[in-house]
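Heads up: the structure comes next, in C-alpha coordinates.
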Amino acid sequence: RLLPLHQEVYGQLSRRMLAIWLPLTKVDYEHGSIRVVPTSHLKGLLPHGFINNTGFAAHGALDQSTELSEIVLNLDPGDGVLFDGLLLHGSWPSTKKLLRTVIVCRYNDVNHAPWLKDHDNDIRIAQL
(Lines give C-alpha, C1' and ligand atoms only; values in the text may rest on other atoms or scores of the structure.)
Protein backbone atom coordinates (compact mmCIF):
# COMPACT_ATOMS: atom_id res chain seq x y z
CA ARG A 1 0.00 0.00 0.00
CA LEU A 2 0.99 3.59 -0.47
CA LEU A 3 2.57 5.07 2.65
CA PRO A 4 2.63 8.89 2.64
CA LEU A 5 5.90 10.76 2.50
CA HIS A 6 7.17 11.18 6.05
CA GLN A 7 10.28 11.74 8.13
CA GLU A 8 11.40 8.81 10.26
CA VAL A 9 12.55 11.10 13.06
CA TYR A 10 8.97 11.46 14.37
CA GLY A 11 8.40 9.06 17.25
CA GLN A 12 12.11 8.42 17.79
CA LEU A 13 14.18 9.02 20.94
CA SER A 14 16.49 11.54 19.31
CA ARG A 15 16.39 14.11 16.53
CA ARG A 16 19.77 12.70 15.44
CA MET A 17 18.98 9.32 13.99
CA LEU A 18 19.58 7.10 10.99
CA ALA A 19 17.32 4.52 9.38
CA ILE A 20 18.31 1.44 7.40
CA TRP A 21 15.81 -0.12 4.96
CA LEU A 22 16.79 -3.64 3.85
CA PRO A 23 14.53 -5.51 1.42
CA LEU A 24 14.60 -9.31 1.59
CA THR A 25 12.68 -9.53 -1.68
CA LYS A 26 13.01 -7.63 -4.97
CA VAL A 27 11.44 -4.17 -4.74
CA ASP A 28 10.84 -1.68 -7.54
CA TYR A 29 7.98 0.36 -8.99
CA GLU A 30 5.84 -2.80 -9.41
CA HIS A 31 6.88 -4.52 -6.18
CA GLY A 32 6.18 -1.83 -3.58
CA SER A 33 9.56 -0.20 -3.14
CA ILE A 34 10.62 2.74 -1.01
CA ARG A 35 10.34 6.20 -2.55
CA VAL A 36 12.60 9.02 -1.43
CA VAL A 37 12.89 12.76 -2.02
CA PRO A 38 16.63 13.44 -2.48
CA THR A 39 18.07 16.30 -0.37
CA SER A 40 14.75 16.80 1.47
CA HIS A 41 16.58 16.22 4.77
CA LEU A 42 18.16 19.67 4.27
CA LYS A 43 14.74 21.28 4.87
CA GLY A 44 14.82 20.25 8.55
CA LEU A 45 11.86 19.02 10.56
CA LEU A 46 8.63 19.41 8.58
CA PRO A 47 5.06 19.61 9.94
CA HIS A 48 3.39 16.18 10.09
CA GLY A 49 -0.09 14.92 10.85
CA PHE A 50 -2.38 12.00 10.13
CA ILE A 51 -3.31 11.65 6.48
CA ASN A 52 -6.27 9.51 5.41
CA ASN A 53 -6.14 9.66 1.62
CA THR A 54 -4.73 6.17 1.10
CA GLY A 55 -7.54 4.07 2.60
CA PHE A 56 -6.04 4.14 6.10
CA ALA A 57 -4.79 6.84 8.48
CA ALA A 58 -1.01 7.16 8.37
CA HIS A 59 1.40 9.70 9.81
CA GLY A 60 2.96 11.82 7.10
CA ALA A 61 4.25 15.23 6.08
CA LEU A 62 1.40 17.68 5.68
CA ASP A 63 2.88 18.82 2.36
CA GLN A 64 2.49 15.86 -0.02
CA SER A 65 3.06 18.08 -3.08
CA THR A 66 3.43 16.33 -6.38
CA GLU A 67 6.15 18.78 -7.34
CA LEU A 68 8.50 17.07 -4.91
CA SER A 69 11.12 15.23 -6.91
CA GLU A 70 10.57 11.77 -5.46
CA ILE A 71 12.19 8.69 -6.93
CA VAL A 72 11.25 5.04 -6.50
CA LEU A 73 14.28 2.85 -5.80
CA ASN A 74 14.92 -0.46 -7.57
CA LEU A 75 16.53 -2.81 -5.06
CA ASP A 76 17.44 -6.48 -4.99
CA PRO A 77 17.38 -8.71 -1.90
CA GLY A 78 20.30 -7.73 0.31
CA ASP A 79 20.58 -4.19 -1.03
CA GLY A 80 20.07 -1.50 1.57
CA VAL A 81 19.28 2.16 1.95
CA LEU A 82 20.83 4.13 4.82
CA PHE A 83 19.24 7.54 5.31
CA ASP A 84 18.96 10.47 7.67
CA GLY A 85 15.81 10.57 9.82
CA LEU A 86 14.81 13.87 8.22
CA LEU A 87 14.73 12.49 4.65
CA LEU A 88 11.21 12.46 3.20
CA HIS A 89 10.34 8.92 2.18
CA GLY A 90 7.38 6.58 1.90
CA SER A 91 6.43 3.29 0.34
CA TRP A 92 5.08 2.72 -3.13
CA PRO A 93 2.12 0.34 -3.51
CA SER A 94 2.77 -3.03 -5.09
CA THR A 95 0.94 -3.81 -8.32
CA LYS A 96 1.83 -7.51 -7.95
CA LYS A 97 0.29 -10.09 -5.62
CA LEU A 98 3.68 -10.79 -4.04
CA LEU A 99 4.57 -10.31 -0.40
CA ARG A 100 7.22 -7.64 0.16
CA THR A 101 9.52 -8.39 3.10
CA VAL A 102 11.71 -5.62 4.51
CA ILE A 103 13.81 -5.13 7.63
CA VAL A 104 13.87 -1.60 9.04
CA CYS A 105 16.46 -0.66 11.66
CA ARG A 106 16.87 2.69 13.38
CA TYR A 107 19.83 4.15 15.23
CA ASN A 108 19.10 6.92 17.74
CA ASP A 109 21.94 9.03 19.16
CA VAL A 110 20.86 9.19 22.82
CA ASN A 111 23.49 11.86 23.51
CA HIS A 112 21.12 14.21 21.70
CA ALA A 113 18.12 13.24 23.83
CA PRO A 114 18.90 14.97 27.17
CA TRP A 115 15.38 14.33 28.45
CA LEU A 116 16.38 10.66 28.81
CA LYS A 117 18.64 11.65 31.73
CA ASP A 118 15.85 13.49 33.56
CA HIS A 119 15.16 11.48 36.74
CA ASP A 120 11.58 12.80 36.86
CA ASN A 121 10.84 11.49 33.35
CA ASP A 122 9.02 8.16 33.09
CA ILE A 123 11.13 7.18 30.10
CA ARG A 124 14.83 7.57 30.82
CA ILE A 125 18.15 5.77 30.72
CA ALA A 126 19.51 4.81 34.12
CA GLN A 127 22.81 6.54 34.89
CA LEU A 128 25.49 4.27 36.35
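The values are calculated or read from the model by the stated rules, or taken from the named source; none is laboratory data. Note that the structure is a prediction, hence the values are computed from the model and not measured. Positions of Cβ are backbone-derived with ideal geometry, glycine not excepted, and every protein chain shown enters the neighbour counts. Accessible surface areas use protein heavy atoms only, side chains included; no ligands, DNA or RNA. Shrake-Rupley method; radii C 1.70, N 1.55, O 1.52, S 1.80 Å.
If the stretch 69-114 were replaced by its equivalent ellipsoid, with semi-axes equal to the square roots of 5 times the Cα gyration tensor eigenvalues, what would those be, largest first, whole Å?
Semi-axes (√(5λ), whole Å): 27, 14, 10.
Take the Cα pairs of the stretch 1-54, get the Kirkwood Rh, then feed it into Stokes-Einstein at 10 °C and 1.306 mPa s and tell me D in µm²/s.
118 µm²/s
Taking every eigenvalue of the Cα gyration tensor of the stretch 1-112, multiplying by 5 and rooting it, what semi-axes result, largest first, whole Å?
Three semi-axes, in Å: 22, 18, 13.
Starting from 0.36 nm per residue, how many nanometres of slack lie between T25 and D109 once their C-alpha separation is accounted for?
Residue separation times 0.36 nm, minus the Cα-Cα distance, leaves 27.3 nm.
Show me the ranking of peptides 25-35, 42-52, 10-20 by mean Cβ neighbours inside 10 Å, starting with the highest.
Result, highest mean Cβ count within 10 Å first: 25-35, 10-20, 42-52.
Got a number for carbon plus sulfur as a percent of the stretch 1-96's accessible area, 1.4 Å probe?
The computed percentage sits at 57.
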